[in-house]
Amino acid sequence: MKNHQKIRLLASMPVLALILSLVLIPTLRSRVMAQGTPVVIGVLAPLDSPTALGVSLAVEAANAAGGQRFAVVAGEANTPEAVAGAVESLKGLGAVAIFGPDDDALVAASMNSLNASGLPIFTAATGSNIGAGALVYRTRPTEDYLFYGLAEVLIRDRAISKIAVYQQDALADAQVQILNGAFSRYNVPMNLLDGSRVRLANAAAQLRDSGAAAIIALGDPANSAALYLELSAIGYNGVFAVKDLSDPAFIESLPFGGKRNLIGAVNWSPTLSDPISVAFTRDYVNLFGRLPDSRAAAAYDAAVAVTKAASTNPNPAAILAALNEQAPFTGAQGQIETAARLGLTHRNFLIAETNPYGALRAIAGFTGTVRYELPGAPTAVPTFTPTATIPTATPTETATPTLTLTPSLTFTPSLTPTASFTPPPTATLDGVYGTVVSSSLNVRMGPNPIYPIIGELPRNERVRLLGTNTTFTWFMIMYQQQQAWISGASQFLRVEGDISTLPILADPPTPTPVPATATFTPVPKADIVLVNAALVPPIPQPGQSFTLNITVQNLGGVAAGEFAVATSFRPGEVFASAIVPGLAPGQQLPVVLSPVTLAGTGVESIAIILDLNKQVDEGEAGELNNSTPFSYRVDRAFAVQGASLQIAPGTSFDVFGGTPDLQFDASSNLVPLAPALIGALPGVQITQIHYDYLSPAVINNNVGIAQVNLPQGMMIGFYTAEGQRGYLRVAGYNGANILLEIWVYQP
């Protein structure tokens, strides 16, 4: 027998698996069912890694249930070349799906070989710099969702307004961009420290001395752990946040008892008390003698999806088709979807904090950007002492291997891949709701502070939102059996649900200001309010001067003396102001803030501040309406705006410039034609896109996007063959033809 056919058999293990050492692939080892020829699932990670064990648990459950049998072949691959070689070796073994690699950078560098495999690929990587592919599924939510949730907890829940961000190096540029967008939702500036320009000890001192109540570390988990230790050594007592709080490279690098004030995202935690999580944890511990982590749960859920898809036809093409048609099911992480989910098997995650010993406590739950209430107060993870371990196998060699050995033990899992329990938290809302996060919130007759107050909502009051104004900044509710309005500013209200589904309502008639000569009991204070605000021009371009034109009014009963109006425009924090000489009671006055020029583009929200220097005595009530949120966009001009195209399968087409840029191929995939590039924008609305948003960190896919990931409404950014930026929207389908709407920026 030739060397490459030689198989070394090891003693049967209590889990009914054999470990095979394949000389053909010295780095690969497999866990194989002992009866019949199994369907192979490959794992690009060590055999005892959380990913391999999570897959193995799902395989054991599927095998115990009867029907199609599965085996797991696992081995490390730590470079793009090793990944490519391992993929080919696994294909030679008949693998029908591959799990891993899970490292962001390695997955990004290996996308060509992964997409060329012809097999469904499942990765726990969360990076936004990973190009899309028709075969690649994410088993954990992407980092844009994670940073969205982290920002909400730090800024809204913890009321932290001064946050420092430590960027280890340029590899975290995409994360900085995502965080900056998340911060801008709350008008909180980002205080960024470039770690590539300063030693770690000096960086820690600068961060401590910045006065930041929270620090977010971006970069290598081990580097983040070293930064945390430096900060702890010099007395920093604020919050320290990371993207993945469960990453062993971070949390296990910290000393026992020295893991306080840590916050971050996790896709799953053993602290969860829903029946599926409890059963998953119990079976994992019973089988492997150790506690599962978030990667094990992610791998388990995705492997359940694979075993379900392969149950009738274990052919890779048939499995891919079955995955794309598979009905959602409930796994350890919540609802798992492989059909039309833009490469994500699920979007559920938690924001958690640690106790000094590193035990996780969930403090917020999200599905994408929608928050759900956690079912009760989770408890910390108890110290776990395994009661069973997997015995060390004694290898024996045979010249003629067989896979028909009779096992001595039978594994009967208590958790099956067909579990149907739906946990209490759900992100599917019947409508849109708002929860008051300030001490109270005024209820008004209309969507503007000029309308009279008719009541107030107390803190934590939750109401259904029934309509909105044209800028989505005020919401209509039913209050005491009449229509009323509340502010949607983030410092007052937390919104749950998709506000774009709300009807846009006309403003009620504006109340007539009370003349200064009216005979009434005078109010002893002035009350300055913002009546309206508009940019001129409405959408300024980078490098183009513009002004902010506002109208202010004194709704109080006494005159207001001289005061200043100001704001800081983004991107760039460009200050603009104007002096108002004074306002009589009831008087309105137009004000033009000093001309401004911005360098970049963005979809921004700022606060317009009235009486900047507190010169006017408005009383406690009057001071509450001196900061008004204002949203706008700065963007480049379009060469093409909203053009409609209908493209048949097998057609190459030019979006702008004369050279074909894209192809809707015969398999209905959208493929860029070199040198053009594309980038999927899952969950992004057209109103969020601007020129600088379409950066190389987002637009980097030279492979293509499968038709299953092109649902109606999907947004896709692109660079044309000539290098111009733009984006398209999938408007729908006409039979097999795809309907597109195209926007292309001017050079």
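The values are calculated or read from the model by the stated rules, or taken from the named source; none is laboratory data. For clarity, every value in this text was computed on a predicted model and none was experimentally measured. Positions of Cβ are generated from backbone atoms using ideal geometry, with glycine treated the same way; all protein chains shown enter the neighbour counts.
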- Counting only residues that are under 23 Å from residue 338 (Cα atoms) and aromatic (Phe, Trp, Tyr), how many does the range 705-746 have? 1
- Determine whether the range 86-102 contains at least one residue that is within 23 Å of residue 54 (Cα to Cα), surrounded by fewer than 22 Cβ atoms within 10 Å (Cβ to Cβ) and basic (Lys, Arg). yes
- Can we say residue 713 is outside the structural domain of residue 175 (by TED's automatic domain parsing) and either hydrophobic (A, V, I, L, M, F, W, C) or within 27 Å of the chain's Cα centre (by Cα) (or both)? yes
- In the range 463-494, what count of residues is obtained for those that are on the phi < 0 side of the Ramachandran plot and either hydrophobic (A, V, I, L, M, F, W, C) or buried (at least 21 other Cβ atoms within 10 Å of the Cβ) (or both)? 17
- In the range 484-508, anything in a loop (DSSP other than H, G, I, E, B) and closer than 20 Å to residue 152 by Cα is listed as 488, 489, 490, 491, 492, 497, 498
- Note on the structure: Checking 608, 678 in turn, the sole residue that is assigned by TED's automatic domain parsing to the domain that holds residue 544 and surrounded by 14 or more Cβ atoms within 10 Å (Cβ to Cβ) turns out to be 608
- Among the residues of the range 609-661, which ones are more than 31 Å from the chain's Cα centre (by Cα) and β-branched (Val, Ile, Thr)? 609, 616, 647, 651, 659
- From the list 646, 663, 707, which residue is modelled with pLDDT under 90 and either within 23 Å of residue 107 (Cβ to Cβ) or not aromatic (Phe, Trp, Tyr) (or both)? 707
- Checked pairs for the range 613-632, first over 16 Å from residue 440 (Cα atoms) and outside any strand (DSSP E or B), second modelled with pLDDT of 85 or more and of a type in the set (Phe, Trp, Tyr), C-beta under 6 Å and 6 or more apart or across chains, list as 615/563; 616/563
- Message: Out of 309, 362, I need the residue that is over 22 Å from the mean Cα position of the chain (by Cα) and of a type in the set (A, V, I, L, M, F, W, C). Which one?
- Response: 309
- Note on the structure: In the set 450, 477, the lone residue that is under 14 Å from residue 508 (Cβ atoms) and at pLDDT 85 or above is 477
- Do you know which residues across the range 221-261 are acidic (Asp, Glu) and modelled with pLDDT of 90 or more? 230, 244
- Across the range 539-585, what is the total count of residues that are of a type outside the set (Gly, Ala, Ser) and touching a Lys or Arg at 6+ places or on another chain (Cβ under 9 Å)? 6
- helices (runs of 4 or more DSSP H) enclosed by the range 267-364 - at least 3 residues per element that are in contact (Cβ under 8 Å) with a residue 40 or more places away in the chain, in the same structural domain as residue 74 (by TED's automatic domain parsing) and touching a Gly at 6+ places or on another chain (Cβ under 6 Å): 294-309
- Query: So residue 284 clears everything in (1) under 23 Å from the mean Cα position of the chain (by Cα); (2) farther than 16 Å from residue 361 by Cβ; (3) not aliphatic (A, V, I, L, M) except one condition, right? Which one?
  - Reply: (1)
- Taking residue 617 as the residue in question, decide whether it is out of contact with any Lys or Arg (no Cβ under 9 Å at 6 or more places or on another chain) and of a type in the set (Asp, Glu). no
- Name the strands (runs of 3 or more DSSP E) wholly inside the range 158-257 in which the number of residues that are without any contact (Cβ under 8 Å) to a residue 12 or more places away in the chain and not assigned by TED's automatic domain parsing to the domain that holds residue 495 is 1 or more. none
- Matching residues in the range 447-462 - criterion: being on the phi < 0 side of the Ramachandran plot, free of Cβ contacts under 8 Å to residues at least 60 places away in the same chain and either in a loop (DSSP other than H, G, I, E, B) or not assigned by TED's automatic domain parsing to the domain that holds residue 479 (or both): 452, 459, 461
- Message: Looking only at the range 83-105, filter to residues that are under 20 Å from the mean Cα position of the chain (by Cα) and assigned to a helix (DSSP H, G or I); which one of those is farthest from residue 136 (Cα to Cα)?
- Response: 105
- Task: With the condition kept exactly as written, say whether any residue in the range 123-138 is assigned by TED's automatic domain parsing to the domain that holds residue 74, of a type in the set (Ser, Thr, Tyr), under 21 Å from residue 367 (Cβ atoms) and without any contact (Cβ under 8 Å) to a residue 60 or more places away in the chain.
- Result: yes
- Query: Of all the residues that make up the range 537-559, how many are at negative phi, within 34 Å of the chain's Cα centre (by Cα) and surrounded by fewer than 21 Cβ atoms within 10 Å (Cβ to Cβ)?
  - Reply: 6
